[in-house]
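Here is the structure we will look at, set down as C-alpha cells.
The values are calculated or read from the model by the stated rules, or taken from the named source; none is laboratory data. Since we're looking at a predicted model, the values are computed, not measured. Note: ideal-geometry Cβ built from the backbone for every residue, glycine included; neighbour counts use all protein chains shown. Surface areas here come from the heavy atoms of the whole protein model, side chains and all, with no ligands, DNA or RNA. Shrake-Rupley method; radii C 1.70, N 1.55, O 1.52, S 1.80 Å.
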Amino acid sequence: MKPYLVILDIIMNNKVKSTADYEILIGEQFKRLRIVEELDQIQMAAAANVSLGAIKNLESGNGSSLKTLIRVARVLNQEKWLESLYPLTTVSPMQMLRDQKLNKPRQRVYKARKAAG
C-alpha cells in the first residue's frame, strides 16, 4: 500500500495497526519538518551526518536506524520529542511499593503472651 494511503487509512480509522504504520507516520512527520525548515534531502543528510539513502528510508517509512532518527531529530530541533520517549522518573515505582509495605498498618492485633513461670 502506498504511504499516503496508509496515512489516510490511519487517520480515517484513528488506529495505528503495525510497526510499519508507525514508521510511515514518523517518516512523514520528519519529512514535513524538513520541508518547513526549507532543507532538501541532500542538505538534511549532510547536516545530520547520515547518507542520503538513510534520509529517504526514514521519510518513506522503509525503516531507519535509531542513530539516524536521533541525528535527524536533532537537526530539526526535536530534542523535546526525543526526551518525551524517556521521561525521567523522580520516584522509583519499586521504592513506592516498598514504602507502602513499610507504612501499612498491621492487619491483626496480637495479645502479649504470659511468661511461663
Could you derive backbone 3J(HN,Hα) for the stretch 70-82 from the dihedral phi with the Karplus parameters 6.51, -1.76 and 1.60 (θ = phi - 60°), listing whole Hz in sequence and x where the residue is Gly or Pro? 5, 4, 5, 4, 5, 4, 8, 6, 10, 4, 4, 5, 4
In order over the stretch 36-44: 3J(HN,Hα) from phi, Karplus 6.51/-1.76/1.60, θ = phi - 60°, whole Hz, x for each Gly or Pro, gives 4, 7, 6, 10, 8, 5, 5, 5, 4
Gln41-Met94 pseudo-label distance in nm [points 7 Å out on the Cα-to-Cβ vector]: 4.5
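Let's test the formula: R0 of 35 Å, r as the Cβ-Cβ distance of Lys101 and Lys67. What FRET efficiency results, to the nearest 0.05?
Once rounded, the FRET efficiency stands at 0.25.
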Would you kindly state how much longer the chain becomes between Lys111 and Trp81 on full extension, computed as 0.36 nm times their sequence separation minus their alpha carbon distance, in nm to one decimal? 4.9 nm
Could you tell me the accessible area of Thr90 in Å² (1.4 Å probe, neighbours in place), rounded to the nearest ten? 140
